[in-house]
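Beneath this line is the structure, given in structure tokens, with notes to follow.
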Amino acid sequence: MARTAVIGGNWKMNLDFEAAMELASGLRNRLGSHRGAASIVFPAFPYLRPVSKRLSECNISVGAQDLHVEAKGAFTGAVSATMIKSIGVTHVLVGHSERRAVFGDDDALVARKLTVALDAGLVPTLCIGETQSERESGDTFAVLQRQLDSALRAHTAAALDSLIVAYEPVWAIGTGLTATPEQAQEVHAWVRAHVSALLGPSFADALPIQYGGSVKPTNAAALLAQPDIDGALVGGASLKAESFTEIVRAA
Ligand code: PEP
């Protein structure tokens, strides 16, 4: 089945305000009327509203990098799904490996975040992936199965209609190491088959599964040519309008 490619740009905790707005302008100029792959950028919280205003009326969506599970109240420093939604932002990352490793988001919390995002009408990108030691000990598929089962089992296919999954081997994030297209394809095919077992073949067939981990203009085309790789989640190379645009065009 032909799935529309989706390229995400995770800006993480990078860029001052001026640089973020310059990047948004650069993307608007290059990709504003692009009709191929869909793109989504994930700026830091303070930039969400101005970046989405700058990108309004162009074909680039804006998402938050995380959300808190509570709707409101005494949760200093936290940002809720309804707050994100109320400023016109449409997408959100859930379970990024840096949230899991640095902030302690475990599978149970990631599952709650996914539920809250869906309930708020945000389009979630669920990030999954194994560490280097998990891969070396042959646990890649067991880890992915645990992450997927925990996040998805509470939902029907209809409730997960907007879901995007990003397979991001932790050993390839920000390291310059990339899974080979064959390594990534093997995992993506496994993820699709497992999702099919959980939610049915038509859901799995339509599900966009992104690859993430040191994707660059030089390796994007080969990764994106694989039959089960439907896009990319890009960190470092999303911080320059030129390189992000090249990746979107490669899709
Ligand atoms: C990411 O943060 O999701 C990511 C894949 O980063 P990088 O492209 O820098 O490896």
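Points to keep in mind about this one:
- Segment 36-80 shape via C-alpha gyration tensor axes, a/c threshold 1.5: prolate
- Gaussian network model of the chain, springs between alpha carbon atoms under 10 Å - residue of VAL102, VAL143, VAL123 with greatest fluctuation: VAL102
- Max mean-square fluctuation residue, GNM over the chain, Cα-Cα springs under 10 Å, options GLY77, GLY138, GLY235: GLY77
- The spacing between segment 13-32 and segment 170-218, judged by their C-alpha centroids, is 27 Å.
- Between the exposed loop cleavage positions of the chain, defined as trypsin sites (Lys or Arg not before Pro) in a non-H, G, I, E, B DSSP state with at most 12 neighbouring beta-carbon atoms within 10 angstrom, the longest gap is 154-251.
- Positive end of the dipole of the chain (Cβ unit charges, origin at the Cα centre): among ALA251, ALA44, PHE203, the Cα lying farthest that way belongs to ALA44.
- Shape class for segment 28-138: oblate, because the ratio a/c of the largest to smallest gyration tensor axis (alpha-carbon atoms, square roots of eigenvalues) is 1.5 or more and b/c is at least a/b.
- Residues in segment 225-239 carry Karplus couplings, in order, of 6, 6, x, 9, 9, 10, x, 9, 10, 10, x, x, 6, 8, 8 Hz; the curve used is 6.51 cos²θ - 1.76 cosθ + 1.60 with θ = phi - 60°, and Gly or Pro positions show x.
- Cross-link pairs exceeding 27 Å in C-alpha to C-alpha distance, out of LYS12/LYS53; LYS72/LYS240; LYS113/LYS216; LYS72/LYS216, comprise LYS72/LYS240; LYS113/LYS216; LYS72/LYS216.
- Look at ASP228, ASP107, ASP161 and count the other Cβ atoms within 10 Å of each Cβ; fewest to most, that gives ASP161, ASP107, ASP228.
- Within the chain: Cβ-based charge dipole about Cα centre, in debye rounded to nearest 20 (Lys, Arg +1; Asp, Glu -1): 760 debye
- The GNM of the chain, with springs linking C-alpha atoms under 10 angstrom apart, assigns the highest mean-square fluctuation among ALA117, ALA19, ALA221 to ALA19.
- Calculated [222 nm] ellipticity per residue, helices only, for the chain: -12500 deg cm²/dmol; basis is -39500 (n - 2.57) per DSSP H run with n ≥ 4, divided by all residues, nearest 500.
Values in this text are rule-based calculations from the coordinates and carry no lab data. Computed from a prediction, not measured in an experiment: that's the story for all the values here. A quick note on method: Cβ atoms are made from the backbone with ideal geometry, for glycine too, and the neighbour counts reach across all protein chains shown.
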